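Please treat every number below as a calculation from the coordinates, not as lab data. If you're wondering where the values come from, they're calculated on a predicted model, not measured in any experiment. Every residue, glycine among them, receives a Cβ derived from its backbone with ideal geometry; neighbour counts consider all protein chains shown.
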């Protein structure tokens, strides 16, 4: 056959192939490998050149054969047939060789000594993806091996031999070259770049002389084996992980009960260490192993499988452990029992939970059966599933009969709708439970009122299971509640009637009282005889006392009804104290007792509180002090307690030198309608409500009231309040008197001296205080001699041995003191003979207790401060305001009283008798304000005011000030006036002062001229 190896020759050649079998050892078997020698013989020339291409061990043999052929050229014709036969023989051998190579599943690759590939069988093509012609003549390491593997192999050989080995072809055949064969696992690189693991056996090829002519590598694809091994390892790892991390404790024992495998859970549960367990006997580790367990082990060693869902294991140290366990044998490969496997799970916690659940269920059963109220489990369709005896008794049914019906059947028709709506809310999850009062029908037909509380029980998935209901019989409670409601309604009606009666009583009493007090006041301003003045004074005092009693009763009634309210507003504390004491001054003067105001520092800032209620408490306490003091003094002291964050706390103390209070009477002192004893009531009068009202008022204002007293020594009452401070008022302008301005004060009362000296010192003057009027003139002379003369002398009227008037005349008789300004202090309002007063030439007469503003104005006037007018000892500053007033009042007496008062104040008045006339008049004429009685025929004051404010009266000023005149003294009456559109209100009986203040509050210039 023609050989492509020689196709480039100009001659025609024939290839002769010889085949030599070589034995190559592969593991435990023999593989045949073929080496060939090809030679080309020029058949056409009688003589020619022999070209030889050879490979393998038979190259030399073929050369010898060719040499013989050449020497026998002359016998060519004779041997030609033999050569052709040999050629045929070689071709057949070559085919056999290829068949053996290509039919082999092994990857067979042959190389020369330099690593060039000479043989590449079909198995190699299949495994590696290359065609034979792609790799013949290529160097093996560069194509088929991973460079990193070659480098690692070179490093290993270098370390073994101590010689540097480069990562090339030699590292693949190093051991084969030395030992003739090497077998190991390597990774071939496929044509697509992927790796394939093979078990490679490398064998040297040698010629007849034993020289290495090449290498033959036979590789077996071990991918499947690798997969199997990996799967085996993974399986073993999974088994190990499963054993170690199983939630149950797992241990494997051999037939001697020695540990073979143990899980982590086992080690944890039994407090063991892995290093101390493997290979040791279970009975050695647990020497107290019960015989019962040893018997279980032996039975399982014989092939039995035993288990328990819950078993109590008691340790020697007393530790009790609940276990779920299983013991079974394990078998060897040969099928024999190799030992046992124990699975245990510590269920102590679960068992305790089960026990607790059982106990809880038992408690629930007992609570259900023996509950003091009806209990029921109700199905989703409303049928009773389980009921207790209490519910059966409540509804009159036997248990078996009640379980045959549903709650819908026994529910009152008026309640079923809301009951079902509540059930729907439970089923939809809108509520977790509901409670309602409903009616059930008793078996005998009567209605049973019950308080139902129901909740829905769901399973673990959230699906509804049933309802749990608690049914409490409230029939008796309902009956009592209805009775209580009726009683409450009756009480409210009685309270309403009482309030209405009090309001009407107030109106009916105050209306004539207005006439009595008003007329008495007007009468006292006329020229009267001594006897007439005495009778008028008695009328005034009696009517004022009666009015006080009425006010106390009304206030107590409001407190008792819970209708008394505190109305915070800005007010001046000093002014409230001084005004209150001014009201009490006449009574104190009559009794010739000193009424003293001792007002401390730090309380000049306006406060936010109920000034009216403060005055009421102070008047109650100070009024009692004046009432129960026969001689001596009543002192009102105001002191700041603390000031924090815009709030000021102060204490008001009222002390007297009166009769005192017996210890046995002190305990009930603040109780209503109570006085120290009956003789006190008969002697001093009063309702016994003042202190009870005061305590209530102080409590409503957030304070407390206390007292201390000794019989015959007097009493001391005090209360503390805390109020917000308002924006600081502008301080009064300084007096700007020359530095060192000196005043002299003489008063035989020690408290008066201290208080008055303090008031003067606060104005920035030097005060000399004397207690004996006989010392005054010598003291004034001494001041003149010292060059520090007195600028003003203040003296009390009543002093022992030498009264104020006599002292003043004595000073006027002194040549150097004749022009000294003098001020008289009087507690009675009367200062003796007018002619003597004229001789004394007093610069001012001041009534005690002296107000701070009054004292300031007096000093400014006397000591010559410009811009100040002299103020009287009492009364109001003159006002130029002349008002034209319309008064609507249906009571004739009240008309006369009010008209006289207004005219006395310098105002003009038109009077009408009802609301309709008031509307007509206000539309016809221009008025500065309207005094509107609230209760009038035809159209009352409220409706008349509403029409004026609504613009329903042609020609009327819708914003005209309207002041209510009312005999109703309740807070709600005042509120009703304001809601009707009135600007202010004055409670009857009306005083000039009340009208004056109301005009001022409405922004009217309301003088008190011409008194």
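A full extension of the chain between residue 813 and residue 480 corresponds to an added length of 111.0 nm, given 0.36 nm per residue minus the alpha carbon distance. Full extension of the chain segment joining residue 802 with residue 631 gains 59.6 nm, where the gain is 0.36 nm per residue of separation less the Cα-Cα distance. Relative to the 2.2 N^0.38 Å rule of thumb, the range 233-352 has a C-alpha radius of gyration ratio of 1.04. Modelled spin-label separation between residue 312 and residue 132, with each label point placed 7 Å from Cα along the Cα-to-Cβ direction: 8.5 nm.
Listed by Cβ neighbour count within 10 Å, with the fewest neighbours leading, 780, 128 appear as 780, 128. Centroid-to-centroid, using Cα positions, the range 905-923 and the range 297-346 are 115 Å apart. The simple spin-label model puts a point 7 Å past each Cα toward its Cβ; for residue 363 and residue 567 those points are separated by 6.0 nm. Per-residue extension of 0.36 nm, minus the Cα-Cα distance of residue 430 and residue 142, leaves a gain of 95.9 nm for this segment. For residue 761 and residue 904, what does the FRET efficiency come to when R0 = 30 Å and r is the distance between their Cβ atoms, rounded to the nearest 0.05? The formula returns an efficiency of 0.15 here. In the frame of its principal axes, the range 328-410 has Cα extents of 76, 24, 18 Å, reported largest first.
Computed from the C-beta positions of residue 418 and residue 455, the FRET efficiency with R₀ = 22 Å rounds to 0.85. Projected label points at residue 183 and residue 497, each 7 Å from Cα along the beta carbon direction, are separated by 12.7 nanometres.
By the count of neighbouring beta-carbon atoms within 10 Å, fewest first, 882, 907 end up ordered 882, 907. Among rounded, prolate and oblate, which fits the range 884-1001 when a ≥ b ≥ c are the square roots of the eigenvalues of its C-alpha gyration tensor, a/c under 1.5 means rounded, and a/b larger than b/c means prolate? Rounded is the answer for the range 884-1001, as its axis ratio a/c remains below 1.5.
Computed from the C-beta positions of residue 224 and residue 319, the FRET efficiency with R₀ = 51 Å rounds to 0.45.
Just check the range 742-862 against the gyration tensor rule for me: Cα atoms, a ≥ b ≥ c as the square roots of the eigenvalues, rounded for a/c under 1.5, and otherwise prolate or oblate depending on whether a/b exceeds b/c. It comes out rounded by the Cα gyration axes. Sorting 266, 319, 718 from the fewest to the most surrounding beta carbons within 10 angstrom yields 319, 718, 266. By definition, a body whose alpha carbon gyration tensor gives a ≥ b ≥ c is prolate when a/c is 1.5 or more and a/b is larger than b/c, and the range 324-365 fits this prolate description.
Across the range 371-473, the fraction of Cα-Cα pairs farther apart than 19 Å, rounded to a whole number, is 37%.
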